[in-house]
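The values are calculated or read from the model by the stated rules, or taken from the named source; none is laboratory data. Computed from a prediction, not measured in an experiment: that's the story for all the values here. Cβ placement follows ideal geometry from the backbone for every residue including glycine, while neighbour counts extend to all protein chains displayed. Just the protein is used for accessible areas: all its heavy atoms, side chains included, with ligands, DNA and RNA removed. Shrake-Rupley method; radii C 1.70, N 1.55, O 1.52, S 1.80 Å.
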Amino acid sequence: MNERKTTTESNALEIIDPFEIFANLPFYIDINRKLVNAASLEEGQRVLDLASGPGNISRLVVEKIGEGGWITAVDFSQRALAAARRNLEGIRTRIDLIKAKAEDIGKLFSETQVGRFDAVIVGNAIHNFDNKGDVIEGISKLLKRGGLFVFNSAFFDGAVPQPESRLYRLWMVIANKLAREAEGEGENSAKRAVARNLLKPIEYEDVLKAHGFNVKSQIFEKVDMEVEDFVAISCDDEFVQGTLSKYSLETAKRALIEGVRRAFGQLKLSASRRIWIQMVAEKV
């Protein structure tokens, strides 16, 4: 097992883009390296890194396409793009950073760029897209015939084995209690967290086929996540807003961090298993 450094609450909350903590965890780098490998990239190719975050996947893509390649990295978060600009500084491969929502990519590019991409990669973000059909239709429009769309996700219907669900239930109970103690009913008490629309793997297959893709492979990987992995994801704004949206961001972060540590302790867990899905689809 890789040696891990403990993430403290202070440095976790001060980093420029909180998702960077999670993006740099050894297991996450490994699972995304497998994702990039699945795209079968070659020197000089053009790649769309969609929901690119702090540039962690783009760095792996550079290793494959070299200086003659071209990456277009799209993310809706200005802070994530700023982190990506910093993390990708000095790389000689052409990288364009674009602020946009994934749902808008179908109309984002000019007609001259339709069918110009060799691959589209989405790392652990497809579950957040409001209309997955629209996004996949846009991806199909931008890919060359025979181009590959690859994605992975730890959020799908079936990602949490039944015995592991007790951790998530206890974590949320504790975190909500801590946030309520800190902030009463919350500064956004009328607001409710919007539940993710978690698809089954077969549903992903159906929507891919409906938009001109042939599913080439579907791989499931069991990953044992330790408490500090959960602490890291608890610093990501998007995750926090999707779970404890009633409360201020900083209150919710601290409640989630302390909550998962207490839940691990109460259940006497050293790790919790989660299943990741990786899918590869070819434009036909």
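Here are the numbers for the structure shown:
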quantity: Two-site FRET efficiency, ILE275 against ARG86, from Cβ-Cβ distance with R₀ of 30 Å, rounded to 0.05; calculated: 0.40
quantity: Full-extension gain in nm, PHE76 to ASN214, via 0.36 nm per residue minus C-alpha separation; calculated: 46.9 nm
quantity: Fraction in percent of alpha-carbon pairs per bin - 10 Å, the chain; calculated: 6, 28, 35, 22, 8, 1
quantity: Per residue, in Å², the accessible surface of region 134-284 once ligands and nucleic acids are set aside, probe 1.4 Å; calculated: 47 Å²
quantity: Accessible surface, per residue, of region 28-129 when the full set of protein chains is kept, probe 1.4 Å, Å²; calculated: 42 Å²
quantity: Helix 201-210 axis, angle to the chain major axis (alpha carbon atoms, nearest 10°); calculated: 30 degrees
quantity: Mean Cα-pair separation over length for the chain, i.e. relative contact order, pairs under 8 Å, 6 or more apart, %; calculated: 22 percent
quantity: Additional length obtainable on full extension of the chain from LYS268 to ASP206, 0.36 nm per residue less Cα span; calculated: 18.3 nm
quantity: Tail weight of P(r) past 17 Å, computed on alpha-carbon pairs of region 139-188, percent; calculated: 64 percent
quantity: Region 133-284: radius of gyration over Cα atoms, expressed as a fraction of 2.2 N^0.38 Å; calculated: 1.24
quantity: Ranked by how many other beta carbons lie within 10 Å on average, peptides 248-255, 222-229 from highest; calculated: 248-255, 222-229
quantity: Candidates LYS144, LYS177, LYS101, ranked by Gaussian network fluctuation over the chain, Cα under 10 Å, top entry; calculated: LYS177
quantity: Degrees between helix 56-65 axis and first principal axis of the chain (Cα, 0 to 90, nearest 10); calculated: 20 degrees
quantity: In degrees, nearest ten, helix 132-142 long axis to first principal axis of the chain (Cα); calculated: 30 degrees
quantity: Most mobile listed residue (SER217, SER77, SER245) in the chain, GNM with C-alpha springs under 10 Å; calculated: SER217
quantity: Members of LYS246/LYS268; LYS101/LYS141; LYS34/LYS222; LYS177/LYS246 lying beyond 20 Å, as alpha-carbon distances in this model show; calculated: LYS246/LYS268
quantity: With every protein chain in place, the chain: carbon and sulfur % of accessible area (1.4 Å); calculated: 48 percent
quantity: Convex hull volume per residue for region 64-197, taking Cα atoms only, in Å³; calculated: 174 Å³
quantity: Sites GLU43 and ARG116 - FRET efficiency at Förster radius 22 Å, r taken between beta-carbons, to 0.05; calculated: 0.85
quantity: Centroid-to-centroid separation of region 57-131 and region 217-284 [C-alpha atoms, Å]; calculated: 24 Å
quantity: R0 of 35 Å, Cβ-Cβ distance GLU137-ASP224: FRET efficiency to nearest 0.05; calculated: 0.45
quantity: Label point distance in nm, ARG166-LEU198, each placed 7 Å from Cα along Cα→Cβ; calculated: 1.8 nm
quantity: Listed residues ASN131, ASN214, ASN32, most fluctuating in the chain (Gaussian network, C-alpha, under 10 Å); calculated: ASN131
quantity: Added length on full extension, which subtracts the Cα-Cα distance from 0.36 nm per residue, LYS99 to ARG145; calculated: 13.9 nm
quantity: Solvent exposure ordering (accessible area, 1.4 Å, most first) of ARG262, ARG145, ARG274; calculated: ARG145, ARG262, ARG274
